[in-house]
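Have a look at the structure below before the remarks.
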There are 4 protein chains.
Amino acid sequence: MSEIKNSNTPANPQDIKKIALLTSGGDAPGMNAAIRAIVRSAIYYNLKVVGVKNGFSGLINNDFIEMKSHSVSKIISRGGTILKSSRCPEFKMQQGRERAFNNMKAAGIDALIVNGGDGSFRGADLLYKEFGIPVIGIPCTIDNDIYGTDFTIGFDSAINTVIRAVDNIRDTAESHNILFFVEVMGRHSGFIALNSSIASGAEATLLPEIQTDIDQLCHFMEMERRKNKTSGIVIVAEGDEEGGAAEIAQKVKQRLPNYETRVTTLGHIQRGGSPSCNDRVLASLLGHAAVKGLLEGKTGLMAGQVNREIVFTPLEEAYTKRDKIDKNWIEISKIISM
Amino acid sequence: MSEIKNSNTPANPQDIKKIALLTSGGDAPGMNAAIRAIVRSAIYYNLKVVGVKNGFSGLINNDFIEMKSHSVSKIISRGGTILKSSRCPEFKMQQGRERAFNNMKAAGIDALIVNGGDGSFRGADLLYKEFGIPVIGIPCTIDNDIYGTDFTIGFDSAINTVIRAVDNIRDTAESHNILFFVEVMGRHSGFIALNSSIASGAEATLLPEIQTDIDQLCHFMEMERRKNKTSGIVIVAEGDEEGGAAEIAQKVKQRLPNYETRVTTLGHIQRGGSPSCNDRVLASLLGHAAVKGLLEGKTGLMAGQVNREIVFTPLEEAYTKRDKIDKNWIEISKIISM
Amino acid sequence: MSEIKNSNTPANPQDIKKIALLTSGGDAPGMNAAIRAIVRSAIYYNLKVVGVKNGFSGLINNDFIEMKSHSVSKIISRGGTILKSSRCPEFKMQQGRERAFNNMKAAGIDALIVNGGDGSFRGADLLYKEFGIPVIGIPCTIDNDIYGTDFTIGFDSAINTVIRAVDNIRDTAESHNILFFVEVMGRHSGFIALNSSIASGAEATLLPEIQTDIDQLCHFMEMERRKNKTSGIVIVAEGDEEGGAAEIAQKVKQRLPNYETRVTTLGHIQRGGSPSCNDRVLASLLGHAAVKGLLEGKTGLMAGQVNREIVFTPLEEAYTKRDKIDKNWIEISKIISM
Amino acid sequence: MSEIKNSNTPANPQDIKKIALLTSGGDAPGMNAAIRAIVRSAIYYNLKVVGVKNGFSGLINNDFIEMKSHSVSKIISRGGTILKSSRCPEFKMQQGRERAFNNMKAAGIDALIVNGGDGSFRGADLLYKEFGIPVIGIPCTIDNDIYGTDFTIGFDSAINTVIRAVDNIRDTAESHNILFFVEVMGRHSGFIALNSSIASGAEATLLPEIQTDIDQLCHFMEMERRKNKTSGIVIVAEGDEEGGAAEIAQKVKQRLPNYETRVTTLGHIQRGGSPSCNDRVLASLLGHAAVKGLLEGKTGLMAGQVNREIVFTPLEEAYTKRDKIDKNWIEISKIISM
């Protein structure tokens, strides 16, 4: 199997008659649009398609359903994933993956498309490398933290959900002269926080990528107050090294006792909802590209979009490298929120 | 002053030439629509109108601005309150209210309209009873906990915000087979929780008005699971006597360790946002009614809507009595969420 | 059959073991919530439930499907109707209804719940009167033009859709100093127009219930212009006797050639979309009430909500009488949009 | 002046002390975010800023207002443009532009930023070429038809508005088995139509860039019907050479008389509304870049974003060249809507 490990050796594309697809990791708006695109494209190219329920655990538990064109009717506008998702510790062990592979073989499945984030790609990559089965990944996560694509599916919907929520919160902030700390998702990366912060005109943004300095933040707030700006929004990325919004709000309150502060953790509303136009389009393009890629012999790769072109990146790069936030944006964000 | 205390003696309506208005307490979507209706109606009836900033503290601090027709242009669709709101401990003391009254007299203000909730009406009522100045209240709170009106301004917007959020959360709940505990606002009353629970098809609802039985809740969840209903939403009113969503989730988790649970506290997104059609209409009608009421000699009253008619209720009743939730709804909610 | 015609003779409720339900007429947001409530309530009360596809034509064509609890999972938040709707000219003839009745008997259906508007109730009433089969109607139409209920299911969603659209249009109206004529639905009644007009702060409203005077409208617009109000929104009910928005805009343009005018007909976006909280709650309550009503021997009636109570009204009254708009609202609308 | 005409000769950047900005052409969501970014950035770089009302006609009529940091508070989330926009035939004549230039000089304005589309850039370019005044353009139009930027400001908001509307319409289409023709904006280009069509799963898309074949469309519809797909959405770009949605629907109806068809023209709702996150971010980045560009001596250029980098393109290229739709997308759209 070593030759498989060392290269993206294509399978013989004409051997592919039946493919499977699954969704794994945290759900993201647009997953259903990707499922639809994969199923419809596969049928168009005369492939059979099998949906795997509950992510990798469906592979292990033989939880397969045949997908027809109408199985994916009307799902493009829906959040979540009709195939469901779950954690699967068993798949992290070689013997779990072997069982998955054997189930796939028994079901006549020739290739697999995995919709998920970095953890899912890690599993998908192992499956490919250990058993040589053609695998393609599609980046689905609201966090936008996958290398090899300008945007992940779900990110655009999430940032729009965040700014609508922050627009709501600003109504109260201004009406009551309150300093709000709003915690947003994003795991170890600040994409959601930075984009939504610029777009909602937040007064400050705390990101995992930037050392948070509470004193400086307090100093800035005092300066704002002198300019009669008496309310404010601080966006806190959940991965910030100084703690979550609640902890940071407390530290600020200790230094600025005259401020009235509030904390809101947006939570899981960020993962759901009808996907945005961009997420639906991106999911449609990548879903189609993944199927076509398999038929062209591609494997061990993630289908992404870079500079508006479809680009395939080795899964291993996708989950080991990281997209970086543009630090100029932080500077610009400060300039225009003053 | 005793005769004033004991009756709703009307002022001489033709003496009213200039009125003031303020917003007080927690902000609610529709407050701006009420401000607009009051200002425009007052101008239509040839009154001068003064906006008081920051609730009752604006009365104490002489924070007055003249309102023109164009001062309220384009605000009907906006959340929050352009007059701002704040707590005012000073107004709870008789000497604070005296100062407020003197400021109003000095500014030539003949009557006051107070937009707020029960705390605000308490203050407004004291001002009226102690100093005889004509005062009318308009019920503005998302909590819907005011006696004398079928709905308070802001409630309809809040429940729509809640169900959109719960619709989002349901995407994740279903995709991951998670039991979500969603905490909603409402202080001591369960209106927001009950309405949004029915409308979002929540599997269970915990209300301050009903004794919460964690064992029964767990039993119900187990029954659901046997029917293969593997995800769920439990709406928890913030005033529930068993604690907030986090505490209750923890208690459930102890009894049902196999369940995957999550907690989301919707927080201040519920207070903001562009008001719903009903809230804008209600605010428009009550704002107009309050001005007209003052000109008809009404005082010490709250303008509400009962059975689609404008009804005036003594402020004291409005803040001492309570609207009750309809317990049949709880039963129906259970029947149709099964 | 004459005794049936002359009274609301109850069927023997204990004979009812299986009920059918259908949706008919124009679709309305909340129909799915009503379907869900009916199905779940029926199952709760140990009835079998049959869904009829495509309205009355499904009765004629034997287009029946058994409904289970899970058949209505997740539909509460969706617009449209999973049972579909259609026109059925055949049902307008006695022989069509006879065929429908025979099909129902053959399928063992003991009673019928009809979700629709006045035309649907007319058909339902004939079925009941001619064949004595227990029938209950639930008012579903965005037009709010049904007697016997304060609000019809779908109305609240529609007016919210309208005001969001008008809020959008106002952005352009103000940016370009344009006078917009926005045509909204409502057939012969002005409920949608009047409610959305107040809520969007429209400068004028043209309703079927009020004689439209184009000269007066133009005079009013000129007065507004003198006050430097250079843009505006005129809401035109589709049933206005002076014609649709396009025709009226043309007439205004002839008299006021210096005005820049635009016309937007909102069209079918008003019928769709995720239902509002109120519509979901109302549909849940009425769906449950209809089932319970059948079991209590009610028939030939519509389940409505009046002053927050469930009220049953003879179907014949529901489709012959008319709810009236409150003409005070028109006056208030003018006062506060100045 | 010939040397100015032939090159993008930079002005001496240190001479720039006061800049003006205007919005021109059709309004687009995000224009206010651009205004905010320009004003705040200019103040940050120690420039004075003048807002010009009503587009180029404000230059001719001396309609200037000084902009402060607080002048642009809270506008980032609002559609339309606080500076308003208008057509200006006078500016198309050299003598109109001369008057504009003289007014600018008299007001001490050293440079101009123009937010608009191709017509606006044409005017801006002439002003720069004739009078040598530094000018930078920012692409604001929902149509996305400007060369030199991946996306124009407003496009992302518009396509999201379109898909929400089409999602609504789909509810009715499916409930009634109707074939809907939905006309969307975009002038001569099909970006809005194509993106929203993919994202809403439309059954067919008619674009100005592709020869529309009514017979083929009817053939396709018949094929769909054979697969029991009985409802459908056809997105029609307003610039389609076969006519608008109404005309095309009529032609289809003649060939397929058994189809029930409906037409909806989305109209001006597409131009308004709170901008999407992407539009707010793009407007913020380009607004900042335009100011910085002026200070670096750039002129006669448009600030755009290409492959996530700020790129300056000669205005003349921006309004003469055209971005092309990606024809692969049309193919993919067909594959996945089957």
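The values are calculated or read from the model by the stated rules, or taken from the named source; none is laboratory data. Since we're looking at a predicted model, the values are computed, not measured. Virtual Cβ from ideal backbone geometry, glycine too; neighbours counted across all protein chains shown.
Residue-level analysis places A:Ile332 outside the set of residues that are among the hydrophobic types (A, V, I, L, M, F, W, C), facing another protein chain (nearest Cβ under 9 Å) and surrounded by 24 or more Cβ atoms within 10 Å (Cβ to Cβ). The set of residues in region A:249-269 that are touching a helix residue (DSSP H, G or I) at 6+ places or on another chain (Cβ under 7 Å) and more than 14 Å from every other protein chain (Cβ to nearest Cβ) comprises A:Lys251, A:Val252, A:Arg255, A:Leu256. Among the residues of region A:231-240, are any more than 25 Å from A:His188 (Cα to Cα) and either surrounded by 15 or more Cβ atoms within 10 Å (Cβ to Cβ) or in contact with a Pro (Cβ under 7 Å, 6 or more places away or on another chain) (or both)? Yes, some residue in region A:231-240 is more than 25 Å from A:His188 (Cα to Cα) and either surrounded by 15 or more Cβ atoms within 10 Å (Cβ to Cβ) or in contact with a Pro (Cβ under 7 Å, 6 or more places away or on another chain) (or both). Does region B:272-292 contain at least one residue that is in a loop (DSSP other than H, G, I, E, B) and over 19 Å from B:Ala37 (Cβ atoms)? Within region B:272-292, one or more residues are in a loop (DSSP other than H, G, I, E, B) and over 19 Å from B:Ala37 (Cβ atoms).
Residue count for region A:119-142 satisfying the condition of being surrounded by fewer than 24 Cβ atoms within 10 Å (Cβ to Cβ) and within 15 Å of the chain's Cα centre (by Cα): 2. For region D:284-307, the set of residues classified as at the interface with chain A (Cβ under 9 Å from one of its Cβ atoms) and either under 20 Å from D:Thr23 (Cα atoms) or modelled with pLDDT under 95 (or both) consists of D:Ser284, D:Leu285, D:Gly287, D:His288, D:Ala289, listed by residue number. State all residues of region A:39-97 that are on the phi > 0 side of the Ramachandran plot and either in contact with a Cys (Cβ under 9 Å, 6 or more places away or on another chain) or outside the structural domain of A:Lys129 (by TED's automatic domain parsing) (or both); if no residue qualifies, say none. Those that are on the phi > 0 side of the Ramachandran plot and either in contact with a Cys (Cβ under 9 Å, 6 or more places away or on another chain) or outside the structural domain of A:Lys129 (by TED's automatic domain parsing) (or both): A:Asn54, A:Gly55. Of the helices (runs of 4 or more DSSP H) entirely within region B:154-264, those holding at least 2 residues that are more than 31 Å from the chain's Cα centre (by Cα) occupy B:155-176, B:214-226, B:245-255.
Here's the yes/no breakdown for (1) without any contact (Cβ under 8 Å) to a residue 24 or more places away in the chain; (2) crowded, with 24+ Cβ neighbours inside 10 Å:
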position	(1), (2)
C:Thr205	no, yes
C:Glu209	no, no
C:Leu217	no, no
C:Gly243	yes, no
C:Ala249	no, no
C:Glu260	no, no
C:Ala283	no, yes
C:Gly287	no, yes
C:Leu294	no, yes
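Of all the listed residues (B:Ile163, B:Ile169), the sole one being at pLDDT 95 or above, under 24 Å from B:Asp145 (Cβ atoms) and in contact with a helix residue (DSSP H, G or I) (Cβ under 7 Å, 6 or more places away or on another chain) is B:Ile163. Of the residues B:Asn102, B:Asn115, the single one that is modelled with pLDDT of 95 or more, surrounded by fewer than 19 Cβ atoms within 10 Å (Cβ to Cβ) and farther than 25 Å from B:Ser337 by Cα is B:Asn102.
Of the residues making up region B:157-191, those that are closer than 14 Å to A:Lys84 by Cα and not aliphatic (A, V, I, L, M) are B:Arg170, B:Asp171, B:Thr172, B:Glu174, B:Ser175, B:His176, B:Asn177. Consider region D:155-178 and keep the residues that are in contact (Cβ under 8 Å) with a residue 60 or more places away in the chain and surrounded by fewer than 24 Cβ atoms within 10 Å (Cβ to Cβ). The one that is nearest to the other protein chains (Cβ to nearest Cβ) is D:Asn177. The set of residues in region C:128-142 being part of a loop (DSSP other than H, G, I, E, B) and away from chain D (no Cβ under 14 Å) consists of C:Gly132, C:Ile133, C:Pro134. Taking region D:48-89, which residues are among the aliphatic types (A, V, I, L, M), surrounded by fewer than 20 Cβ atoms within 10 Å (Cβ to Cβ) and farther than 24 Å from A:Ile233 by Cα? Hit for region D:48-89 is D:Ile65, nothing else.
Taken over region B:167-185, the criterion of being among the charged types (D, E, K, R) and in contact with a Lys or Arg (Cβ under 8 Å, 6 or more places away or on another chain) is satisfied by B:Arg170, B:Asp171, B:Glu174.
Only one entry in A:Leu217, A:Leu194, A:Leu206 is away from every other protein chain (no Cβ under 14 Å) and at pLDDT 95 or above, namely A:Leu206.
Quick one: is B:Thr152 among the hydroxyl-bearing types (Ser, Thr, Tyr), buried (at least 19 other Cβ atoms within 10 Å of the Cβ), within 11 Å of chain A (Cβ to nearest Cβ) and in contact (Cβ under 8 Å) with a residue 12 or more places away in the chain? No. Being touching a helix residue (DSSP H, G or I) at 6+ places or on another chain (Cβ under 8 Å) and not aliphatic (A, V, I, L, M) is the filter here, so list the residues in region A:194-226 that pass it. Listed by number, the residues that qualify are A:Asn195, A:Ser196, A:Ser197, A:Ser200, A:Gly201, A:Glu203, A:Thr205, A:Glu209, A:Thr212, A:Asp215, A:Cys218.
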